[in-house]
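This report refers to the structure that appears directly beneath it.
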Amino acid sequence: MKILHLVGRPCIAITPLSLLTCLLLGLATLPAQAQKKTGKLKGIITNEAGVYLSNVSVDIRNTSGHTASTMSDSLGIFEVNGLAIDSMYTLSFSMVGYKTTEMRDVLIKAGGSSILVQMIAKDTATGMNAVVVVGYGKQRKITLTGAQSTVNTSELKYPVANISTMLAGRVSGLVGVQRSGLPGSNSADIWIRGISTFGSGNDSHPLIIVDGVKGRSLDDLVAEDIASFTILKDASATAVYGAEGANGVIIITLKRGKPGKITLMGNYLEGITSFTKLPKLANASEYMNLRNEAMTASGLAPAYTQDYIDSTLSKTANHYVYPNIDWMKTILNKVAHNRTFNVSATGGTENTQYYSSLSYYEESSLLRTDGLQNYDAATKYRRFNFVSNVDMKLTRTTMFRLGLNGFVAEFNQPGNGALSAFGDAMRANPVLYPALYPGRLVAGIAEGTTPSPNPYADITQSGYQNTFEAKISSTVQLEQDLGGILKGLSANALYSFDVDDTSMQKRTRIRNVYFLNQATPYLPDGSLNLTQVLVGSESLTYGHSEASQRNFSLQGQLGYSRQFGLHSVGGTIVYNQRSIPNPEATTYTDAIPVRTQNYASRVTYSYDDKYLAEFDGGYTGSQVFSPENRYGFFPSFSVGWVLSREKFFTPLSSLFDFFKVRYSNGYSGAIGGTRFDYLTTITTGAAGISFGTPSANATYSGINISHYGANVRWAKSHDQDVGVELKTLNNKLSLTVDWFSKYRTGVFLTRANFPGFAGLQYNPDGNYGITINKGIDATLELAPIPLARKLNFSFRATLSYNRDKLLENGAAPYEEPYLDPRGQNILASQGYIAEGIFQSQAQIDNHADQSGIGGKPRVGDLKYKDLNGDGVVNAYDQTTISTGDVPRWTFGAGFNVNYSNFYLSAFFQAIEGAQRMMSDIARSPFAGGADNNLFANAEDRWTEENHATHPFYPRLGYGSSANANNNVASTWWVKDISFVRFKTLDMGYNIPQNKLFKKTGVQDARFYVTAINLFYWSPFKLWDPELNTGDGNSYPNTRNFSIGFQTHF
Amino acid sequence: MNIKHLLSAFAGLLLLSAFGSCKKYLNDIPNDSLPADSIFSNLTNVKEYLAQVYANIPDPYTNNRTGNGGHDGYYNYICDDANYFSHPEFTSTNFMFNTLSPSFTTFEYLWPEFYKPVRTATDFINKIDGANPAQVSDYLKLHYKGEARAMRAIFYFWMLRLYGPVVILPNILPVDASDEQLFQQRAPFDSCVNYISHQLDSAYDEINASGTSTQLPSQPLNLEYGRVTTGICKAYKEQVLMLAASPLFNGNPSLTSLKNTDGTPLANQTYDQQKWKTAADAAKAFIDEFVPTTYNLYTVADTNAFNAAYKACRDVVTTDWNSEWIFGKSYCSTVGSYVNQASPKLVGYVNVTVGLGFYSVNQSMVDAYFMNNGLPITDPASGYQQSGFTTFKNPYDVKARSTFNQWVN
């Protein structure tokens, strides 16, 4: 039984036997109607989640047999007039999917009475009557016929700046990879059902809708403020978004108030962060020995004498003269910290409800600072978020909603940028120079006019950059019940305005750079003989930049929803327009706002929650499309059948409590390319000609076509989805499986198969690309089951698999079939097939000629397959060797254990089928600049002595030509970056109800500990496999441990 | 209640505005860039569009004659009298030993670069009659059309010389052409020749018809040397006919297998002596019409007959648009580095400006010459020495210098 908070006068009638609880609220606003013998009864009906229920049949009778009936409107309100005053009535509420509830002994008073009714969903165990978010509306989960899934928002509540990093594996059908760990910039790349498009100008990421507004960002939000998180996966769910839905849609709603007493929430978390994996670079000894080896093998004299090596490694040597430095250690602290603080207040009366919150997040990086500098170059991110959602009932049938949310964020970093530190640490070897010479002089050598990398100086001596961002998203919404015109009809209008401003101020410098005179390191007086190799500046320069974005949208919607006996009919029509001006435009073309229009409609029908059918359609117009193709129509249909409600299913009902199958087939679209691509424009800057002689000449500049107008339109995705949903073991175990296929045509691309004889200045654009993407996603969920007294266990696992294939890329035929990227997956990359290492000169002589790649190969070099058998290995012998860094398989599994007041949740994620090509120093350690460092695993290489057959590196060589044979893309360098990650751990203790709580009004309180990225297992060892880098040059992902306290009162 | 009414009205307005969408919402079109139809709206644009046709005339001096930008590509490098052994971007040995990577695309460079002016010229010819009459006179329309037509034929001729039979496109391929439209086949060699020579005839007629007493058709328009004249049309006609008569494409049996995919043979297989006659007639027609009135042998007066001949040979290249020049590209850029690379390396010279010697004769050429005693080097009596150095005074040098024995006498 639920207790609702008393807002007005004391409860007059409570029926404790009923699962429904009611209150009577006095409505002061109602004028007294004392003279009459009749009064009215007014009420609001909600479900347990506080969602207003429309179409509820209300039957009223009293003991004298007076009856009346009505239905609730779209705002959940019903009203009955002409009731006898001071008489007791019995009310009955019924609606499909909810338990019929009765309320007895409701007294009608002279001034009118009002009640609050809460209805309980019928099959709470199955959760099928829960109302879920769909495109432009809400639906009961049982009636869904499209593929969509929701994220339990409590699973997102971890102390991270960007919630996108929490999603992979939590929800089926979503692929996500976190590419960097830099505070504030550590959001994840997200795709729904993988990648179905390719080429520049074609976004593969989903459309994100926050509180009904398109194009808002996921990462601006705080998990505590999110009420629901839904992903729409197939055309049936996304068709209403027309040409914007083909990559899937994420719909987020923020929390809103519920009628009731004010509830305050406070949450505080304090944590420490460290790297999941710091790339291990060679130390001085490894570096010098390997460099000598590489130089000797390349016919060069070794760089370091044994004497020099001994001096460098000696603890007593002067390390200004014999530098020996661990750059990573020099620039990094062991730990950094983060902090989260949330407060929120929610509550309201029957007429006004609100939710407002304020959140603070800060995270510092592990980069060191120089305490002696008088500026702050510490790398840290801080953000304040706020949400204020207010809902007001303006009239009996009108609801006004005002939503404001946004943030102010500040990011501070060194003048050269925090990211440069890692690249620099890889580009500076450990024996080149110390961080600073005595007197705090910056050490380095000149590379032309810029200094060579000195990681320490770059992060501590280069000044600072400070970026400040402020964003406000505002939404105004009006909902009007039009039951007066037609029962079940409602209208809704929405206007939103988002503004985002970023300004960056920086004060930077490049200091004077000194280097020790290598021939005579000491001056006569014994001090170091330093030479200034580069003139810099000790004072800071000033620079700034600004950026801003705006986003307007306007939306109107008419909805209809009604029950006719066992038939449910629903429909909605939506008009939406969106305008994104460019405040920074410098040309008129750029200044024209990017605009789209979308009309959408949905018709749903269901019979007794057994047979379900739905038709959706989106009609989108965009400026990107050419005038004759300006509007595109995207229809879809879907059907569902709840077998478990059939009589014939009865024999199986002991096995399955619920069984539903559904199928959808339809289209959604994607906008690619650039705006105004359909216009043919000319340039006056083309090459011209000069005629005549020096004394009498005429020069004409050329005019020519600068862009060939193409008949550009949308890409179209034909989606099909078959889904099965079932529940078994007394509703405890549920399984949802979806098979899908997405066939996308008309992907925008520059057509490469235009022959040279067409004589075009540029290859034209067009919608020629075709891809297909098939896969499975599944969710298995175990509702809490008691394992022992007070001990509960629940479990949830997801699986997402997709296999995409490029079918047409508009290219001309390739010389050899294996060179063709068509038929391969979209992110596939090409290179040679490495067959092994040449172990003898005879092997080289007997093998195809590889000299076209990098000169004559040497023993210890990689041997490549001669695919076309022509005796020469060259570009025609390349083929697909890697599927790319986005996984085919994503798994997630988590469990929760509750014991008494303790709880523990753990979540693991895994990916499989992702590969990365090594590059730069992870491929050929000494190929680049002479001063590069190398990974510590460079010891694992081929040598004359070991003749290893499968080391990480082949023969080491020094310089680009000595590495040319090995330093090309080949299967040797394709590394499996699959991993299993212990992603999150959350454990805590709920303080039991006690007297202190009652006195202070505290409802609940808990202490808890969370951990993120605890550890991972991966066959790839050099760096955290999730990072988007082929050479480890990226801010590593971080691990976080936090302790927190949360309370509601 | 008033506020409620007000808000209801606001709600109604918002709903109305949302549903009453304006069709014009998406109709903003940028007007700050030139639309395609502005090309033929004024004389300046017409002239500049025609300049684009001329722009791709090969310029052997551009950009150090590297592939991109220099319209001659690398062809200088691989001809047998050049010696680009040390050019940073390309060594002739790569070509000779077939170690160029398949991704080395320089030799494909000219193909589209010659077809671009072909497309522009076709577009120009199709549209020039419709040019704004207030700006472009009928006289200019006809003259420009003839120039564009002649240049298109000349570009085809250059391609024919370089690639053999080519694709002849009487019209432009639309930018949204289907794949089938793009699958064009090469025309047989003789058809290409026919097409080119007839186009040159038409161009001749157009330019000739536009001639006046002050603007002779044999002289470039406004004396802007480098523009097509009637003489250039006839000269290139003779060139293409001579190429057709040459044994390379006149019944060459080694080209038997050169066929289109549908089996159409691209190179004729029967030698036709008449082609020489046709070419000779074309040459005679040119001479009859233009020599000596328009073109004449370039001579330099000098009392010494040798010097006169020497200077005429030298200055005919360096004197702009002298009477012996028929067609050329004015103002070729960076001729300096070309001169530098073509000049002898002058090995052993100090304190003098030396060239790079990329065009110097190689030893096999030197050895092909007779010694100054008239004997070939294979004759033991010739006095040829294969090794060592000696001091030797070149007949045209000012003093004796130390040089290789192979180069002496």
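If the convex hull of the alpha-carbon atoms of segment A:796-849 is projected onto planes in all directions, what is the mean projected area in square nanometres?
The number I arrive at for segment A:796-849 is 7.3 nm².
For segment A:329-547, the relative contact order works out to 17 percent when only alpha carbon pairs closer than 8 Å and six or more residues apart are counted. Charged neighbours of residue A:829, selected by a Cβ distance under 12 Å, balance to 0 (K, R count +1; D, E count -1). Over segment A:329-547, all Cα pairs binned in 5 Å intervals from 0 give whole-percent P(r) values of 1, 6, 11, 12, 12, 10, 8, 7, 6, 6, 5, 4, 4, 3, 2, 1, 1, 1, 0, 0, 0, listed from short to long. Take the Cβ atoms of residue A:1048 and residue A:474, set R0 to 30 Å, and the FRET efficiency comes out at 0.60.
Listed by chain and number, the aspartates and glutamates whose C-alpha is less than 17 Å from the C-alpha of residue A:109, apart from same-chain residues fewer than 8 away, are A:79, A:86. Using a 7 Å offset from the Cα along the Cα-to-Cβ direction at both residue B:222 and residue B:318, what is the distance between the two label points in nm, to one decimal? The two pseudo-label positions are separated by 3.1 nm. Between beta-carbons, use under 12 Å as the cut-off and find the net charge around residue A:277, counting Lys and Arg +1, Asp and Glu -1. Computed value for this residue: +2.
What is the extension gain from residue A:999 to residue A:961, computed as 0.36 nm multiplied by their sequence separation minus the C-alpha to C-alpha distance, in nm to one decimal? Write out the running numbers ahead of the final one.
Numbers: separation 38, 0.36 × 38 = 13.68 nm, distance 7.94 nm.
Full extension from residue A:999 to residue A:961 adds 5.7 nm.
With a Cα-only, solvent-free Debye model of segment B:254-409, what are the log10 I(q)/I(0) values at q = 0.15 Å⁻¹? Debye output, listed in q order: -1.09.
Between the alpha-carbon centres of segment A:59-88 and segment A:887-966 there is a gap of 72 Å.
Taken along the Cα-to-beta-carbon direction at a fixed 7 Å, the label points for residue A:950 and residue B:406 span 5.4 nm. Cross-link partners among lysines for residue A:863, C-alpha distance below 26 Å, same-chain residues fewer than 8 apart left out? Result set, ordered by chain and number: A:975, A:1021. Per residue, the convex hull spanned by the Cα atoms of the protein assembly as shown measures out at 267 cubic angstrom.
If you take all other residues with their beta carbon under 12 Å from the beta carbon of residue A:313, and give Lys and Arg +1 and Asp and Glu -1, the sum is -2.
Charged side chains reduced to their Cβ positions (Lys and Arg at +1, Asp and Glu at -1) give the protein assembly as shown a dipole of some 6180 debye around its Cα centre. Simple spin-label estimate for residue B:331 and residue B:271 gives 4.8 nm between the two label positions (7 Å along the Cα-to-Cβ direction from each Cα).
So if R0 is 60 Å, what FRET efficiency would residue A:358 and residue A:90 give, r being the distance between their Cβ atoms, rounded to the nearest 0.05? FRET efficiency, residue A:358 to residue A:90: 0.85. Just report the Cα centroid separation between segment A:688-721 and segment A:972-1024, whole Å. The distance from the Cα centre of segment A:688-721 to that of segment A:972-1024 comes to 57 Å. Taking every alpha-carbon pair within segment A:616-775, the share separated by more than 29 Å comes to 51 percent.
Mean separation of Cα pairs under 8 Å and 6+ residues apart, divided by the residue count of chain A: what relative contact order is that in percent?
Once normalised by length, the contact order is 11 percent.
For the residue pairs A:471/A:983; B:116/B:275; A:99/A:138; A:99/A:233; A:141/A:255, the alpha carbons lie more than 25 Å apart in A:471/A:983; B:116/B:275; A:99/A:233.
For segment A:502-549, the C-alpha radius of gyration divided by 2.2 N^0.38 Å, with N the number of residues, is 1.94. Please report the relative contact order for segment A:843-933, taking Cα pairs under 8 Å with a sequence separation of at least 6, and give it as a percent rounded to a whole number. Relative contact order for segment A:843-933 comes out at 19 percent. Here's the list of aspartates and glutamates a cross-link from residue B:47 could span, going by alpha-carbon distance under 16 Å and ignoring same-chain residues fewer than 8 apart: B:37, B:123, B:129, B:138, B:147, B:224. Protection proxy ranking for B:46-52, A:333-339, using the average of other Cβ atoms within 10 Å per residue and placing the highest first: B:46-52, A:333-339.
Read-outs throughout are calculated quantities, based only on the coordinates presented, and are distinct from any laboratory measurement. Quantities reported herein were computed from a predicted structural model and do not represent experimental measurements. So basically every Cβ, Gly included, is an ideal-geometry build from the backbone, and we count neighbours across all protein chains shown.
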